[in-house]
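The values are calculated or read from the model by the stated rules, or taken from the named source; none is laboratory data. What you see is a predicted model, and the numbers here were worked out from it, not measured in a lab. Positions of Cβ are backbone-derived with ideal geometry, glycine not excepted, and every protein chain shown enters the neighbour counts. Heads up: the accessible areas ignore ligands, DNA and RNA and are worked out on the full protein's heavy atoms, side chains in. Shrake-Rupley method; radii C 1.70, N 1.55, O 1.52, S 1.80 Å.
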Amino acid sequence: MEITVETATIKMLNVLYEIEKQSFKEEAFSKLQISYLLMDNNGVSLAAKVGGEVAGFIIGRIDFVRNRPVGHVMTIDVSQVYRRQGIGQRLMVELEGIFKQKGATECRLEVRENNVAALGLYQKLGYHQVGVLENYYGRAHGLYLMKNLS
Ligand SMILES: CC(C)(COP(=O)(O)OP(=O)(O)OC[C@H]1O[C@@H](n2cnc3c(N)ncnc32)[C@H](O)[C@@H]1OP(=O)(O)O)[C@@H](O)C(=O)NCCC(=O)NCCS
């Protein structure tokens, strides 16, 4: 299966929103929120395609923490039919590479404490827990993870 990765643009908004809804149900970003993320000047948005079809996407952003650029993963979603075929990992690796090019030496993200698939992915890529975000997802806690990129 050939996976290609390209910049995700506002033209893909409808398909990205469908994948986001499928992935996160009531906790999904709204279409408007996704459009803001896609147009953010500090944002990095990538889409993975298989056979010309968008199979997944990732949106990150460079945050400035004490004037230092830090990568932040805002959302990563792979369409259900394409899961467990390396697309999530590929998107993360590509995003981290771009964060590094932009001068970030670390990448941070939040994940629901019971999201087994995402935790497995982040663990495989070397992320470690640096904090707990109490009731970040309603009654479920979030975990704050970090990885050194340098
Ligand atoms: C998390 C998600 C993006 C993973 O995408 P994916 O393309 O299926 O992941 P990959 O095929 O690249 O998997 C890479 C590694 O992640 C881990 N992993 C992925 N899915 C897993 C699962 N269901 N259970 C346990 N580990 C899993 C494994 O270590 C896997 O490596 P392996 O296949 O060699 O064992 C996908 O499950 C998804 O879109 N989930 C819904 C949205 C979401 O929860 N996003 C994260 C929010 S923080």
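For the chain, the mean residue ellipticity at 222 nm estimated from helices alone is -9000 deg cm²/dmol, where every DSSP H run of n ≥ 4 contributes -39500 (n - 2.57) and the total is divided by all residues, rounded to the nearest 500.
Computed 3J(HN,Hα) for the range 33-46, one whole-Hz value per residue from the Karplus formula 6.51 cos²θ - 1.76 cosθ + 1.60 where θ = phi - 60°, is 4, 5, 5, 5, 4, 5, 9, 4, 4, 9, x, 10, 10, 10, glycine and proline marked x.
Normalised radius of gyration (Cα atoms, divided by 2.2 N^0.38 Å) for the range 85-139: 1.25. Between Ala118, Ala55, Ala47, the GNM of the chain built on Cα springs shorter than 10 angstrom shows Ala118 fluctuating the most.
Of the cross-linked pairs Lys49/Lys100; Lys25/Lys100; Lys102/Lys124; Lys21/Lys100; Lys25/Lys49, those separated by over 28 Å at the C-alpha level are Lys25/Lys100; Lys21/Lys100.
Residue-wise HN-Hα couplings along the range 140-149, as the Karplus relation 6.51 cos²θ - 1.76 cosθ + 1.60 with θ = phi - 60° gives them from phi, are 8, 7, x, 10, 9, 10, 9, 9, 7, 9 Hz; Gly and Pro carry x. Under a 5 Å amide H cut-off, with hydrogens placed 1.01 Å from N, Met74 pairs with Ile59, Gly60, Arg61 among residues at least 5 apart or on other chains. Couplings for the range 59-65, taken from phi via the Karplus curve 6.51 cos²θ - 1.76 cosθ + 1.60 with θ = phi - 60°, read 10, x, 8, 8, 9, 10, 10 Hz in order; Gly and Pro are left as x.
Of all DSSP beta bridges confined to the chain, the antiparallel ones make up roughly 90%.
Annotation: average projected area of the range 3-105 is 6.5 square nanometres, based on the convex hull of Cα atoms across all directions.
Applying both filters, DSSP loop and at most 12 other Cβ atoms within 10 Å, to the trypsin sites (Lys or Arg not before Pro) of the range 107-150 gives Arg139. Accessible area per residue for the chain is 56 Å², calculated with a 1.4 Å probe on protein heavy atoms, without ligands, DNA or RNA.
For Ala8, the residues whose modelled amide H falls within less than 5 Å of its own, excluding neighbours fewer than 5 places apart on the same chain, are Ser45, Leu46, Ala47.
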